[in-house]
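In what follows, a single structure is set out as structure tokens and then discussed.
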Amino acid sequence: MGSVSLKIGDGTARFKKSTLCSSAVNILMILSVITTNLFALYAFTSSPKNNQTEQLHQVHKNFSLISEQVSLILREIDQSQKKLTQIEKQLLGYESFDLSRPNIAKELKLFLNPHKLPLGKDSKTGMTEMVSSVGHSCEKSSDLLSQYMNYKVFGNCQDDWSFAQKLISKRCEPLPRRRCFAKSVSSKVNYLHPFPTSLWKPVSNKTVNWSGFSCKNFECLNGKKLNRGCMHCFDLVNGYENQRFVKSRSKNDFLVDDVLALGNGGIRIGFDIGIGSGSFAAVMAERNVTIVTSTLNIDAPFNEFIAARGLFPLFLSLDHRFPFYDNVFDLVRATNTLDDDVGKKQEKLEFLMFDADRILRAGGLFWIDNFYCANEEKKIALTRLIERFGYRKLKWVVGEKVDSDKSQVFLSAVLQKPVRV
């Protein structure tokens with residue numbers, strides 16, 4: 001009974017056990033029959049002849065009682081199996097989609113329907129089917145998801161910004177795979193610079209599909225404050241972007257070289273959590289450190305911009321479990337944009353902190369970069385949360401910055417993950 005879940009790519013593959021329960025029932029029935037026959041054999045061979053009729057009556061009576069018990073057990077097994085199946089469907093989420101609805105796209109039905117394993121029943125596990133799923137929250141946006149999956153097979157996909165970005169922003173992750181071709185920018189390859197020149201060269205407007213944005217070029221974006229971590233962050237020549245992490249503007253702004261020195265030469269790969277144009281990854285690349293940058297295209301083409309610089313963008317929301325194995329990164333950096341998304345709820349921040357801790361190796365560095373503390377209560381809550389992880393505090397600074405004539409408090413820290421046995 002039940003199912004086994006395996007993480008595969010952008011979804012979850014679920015295999016159903018179809019024979020475990022039925023095998024147990026068959027064994028139980030066989031044992032019952034054997035037991036009844038043994039009772040009958042004992043009665044006929046050990047009793048006097050004048051008592052055989054009475055003993056036979058008793059055997060039939062016992063057999064009836066055993067049959068009633070077996071029937072009761074079978075009914076209880078069947079009811080339990082139905083209850084477990086229903087609970088499983090609710091927990092797994094894929095059964096919450098009513099695939100009989102007329103507005104569900106054909107491709108979505110095909111993706112979600114169970115598929116027989118190509119080699120039949122697995123002899124070791126008894127698994128026979130695989131069911132691909134999408135994120136639980138996708139059910140709340142089923143109409144939008146159907147539009148996302150409404151395309152001509154082997155034809156061109158619809159614009160991902162119109163559907164994929166909206167679905168992810170509604171916590172619909174992971175999205176189902178599709179059988180269509182994503183739109184490409186025809187002239188992109190002609191405007192890309194070789195690495196490492198690409199790190200600080202201006203990115204051409206012709207490398208981006210601008211259909212989903214109000215701005216149609218980077219000059220327009222440079223005149224906007226997109227978020228706390230991106231003010232003129234697309235200007236790699238005239239703005240402050242090329243000085244970040246190498247020149248400090250406040251005591252909260254740690255320098256990359258100082259943080260790397262705390263790692264004693266053991267920082268090789270890292271993960272940058274938050275929204276930005278990839279400048280942290282660029283500075284680290286100049287120091288032979290590989291950084292994966294998680295970002296969404298919120299109001300700007302962050303993913304395309306980061307990739308055009310020769311860096312690694314990861315199209316992922318902060319609600320999604322990080323798609324990395326345990327203890328693989330030497331450095332995890334959490335930016336000041338966390339408070340905008342997850343910091344408003346303590347539980348969401350705890351989930352994110354535990355996931356960041358999971359992918360960081362023992363002895364690795366957790367860099368909290370300018371976390372905005374809206375009030376003293378929030379600062380105390382964050383401090384207590386960090387202390388519960390048992391990190392060693394290598395750097396810890398609480399300072400004020402003035403933004404629009406308003407003083408704001410920020411926390412910056414470099415923490416070292418302990419060895420946990």
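Observations on the model:
- Once segment 358-414 is narrowed to residues that are in a strand (DSSP E or B) and of a type in the set (Gly, Ala, Ser), the residue that is farthest from Phe280 (Cα to Cα) is Ser407.
- Here the condition is being open to solvent by 90 Å² or more (accessible area, probe 1.4 Å), of a type outside the set (Val, Ile, Thr) and touching a residue at least 60 places away in the same chain (Cβ under 8 Å); of Phe181, Phe195, it holds for Phe195 alone.
- For segment 364-381, the set of residues classified as at pLDDT below 95 and closer than 27 Å to Gly266 by Cα consists of Ile368, Asp369, Asn370, Phe371, listed by residue number.
- From the list Lys344, Lys348, the one residue that fits, being assigned to a loop (DSSP other than H, G, I, E, B), modelled with pLDDT under 90, open to solvent by 10 Å² or more (accessible area, probe 1.4 Å) and on the phi < 0 side of the Ramachandran plot, is Lys344.
- Subset of segment 280-314 (residues that are more than 22 Å from Leu352 (Cβ to Cβ), over 22 Å from the mean Cα position of the chain (by Cα) and without any contact (Cβ under 8 Å) to a residue 60 or more places away in the chain): Val283, Arg287, Asn288, Val289
- Taking segment 236-282 as the range and being in a helix (DSSP H, G or I) and open to solvent by 30 Å² or more (accessible area, probe 1.4 Å) as the test, the residues that pass are Asn242, Gln243, Asp257, Asp258, Leu260, Ala261, Leu262.
- Of the residues Ser133, Ser146, the single one that is surrounded by 12 or more Cβ atoms within 10 Å (Cβ to Cβ) and at pLDDT below 80 is Ser133.
- Complete set of residues in segment 154-172 that are in contact with an Asp or Glu (Cβ under 7 Å, 6 or more places away or on another chain) and open to solvent by less than 80 Å² (accessible area, probe 1.4 Å): none
- Some residue of segment 259-279 being in contact with a helix residue (DSSP H, G or I) (Cβ under 6 Å, 6 or more places away or on another chain), of a type in the set (A, V, I, L, M) and within 21 Å of Asp159 (Cβ to Cβ): no
- Residues that are out of contact with any His (no Cβ under 9 Å at 6 or more places or on another chain) and among the small types (Gly, Ala, Ser) within segment 300-335 comprise Ala300, Ala307, Ser317, Ala334, listed in sequence order.
- Candidates Lys225, Lys201, Lys216: the one that is of a type outside the set (A, V, I, L, M), modelled with pLDDT of 85 or more, in contact with a His (Cβ under 9 Å, 6 or more places away or on another chain) and surrounded by fewer than 19 Cβ atoms within 10 Å (Cβ to Cβ) is Lys201.
- Subset tally (residues that are open to solvent by 10 Å² or more (accessible area, probe 1.4 Å), of a type in the set (A, V, I, L, M, F, W, C) and assigned to a loop (DSSP other than H, G, I, E, B)) for segment 285-319: 5
- The residue of segment 384-420 that is surrounded by the most Cβ atoms within 10 Å (Cβ to Cβ), among those that are free of Cβ contacts under 8 Å to residues at least 24 places away in the same chain and within 31 Å of the chain's Cα centre (by Cα), is Trp396.
- Each residue in segment 354-374 was checked for being open to solvent by 10 Å² or more (accessible area, probe 1.4 Å) and hydrophobic (A, V, I, L, M, F, W, C), and 3 of them qualify.
The values are calculated or read from the model by the stated rules, or taken from the named source; none is laboratory data. Bear in mind that the values here come from a model prediction, so they are computed numbers and not experimental data. With ideal geometry, Cβ positions are generated from the backbone for all residues, glycine too; neighbour counts draw on all protein chains shown. Just the protein is used for accessible areas: all its heavy atoms, side chains included, with ligands, DNA and RNA removed. Shrake-Rupley method; radii C 1.70, N 1.55, O 1.52, S 1.80 Å.
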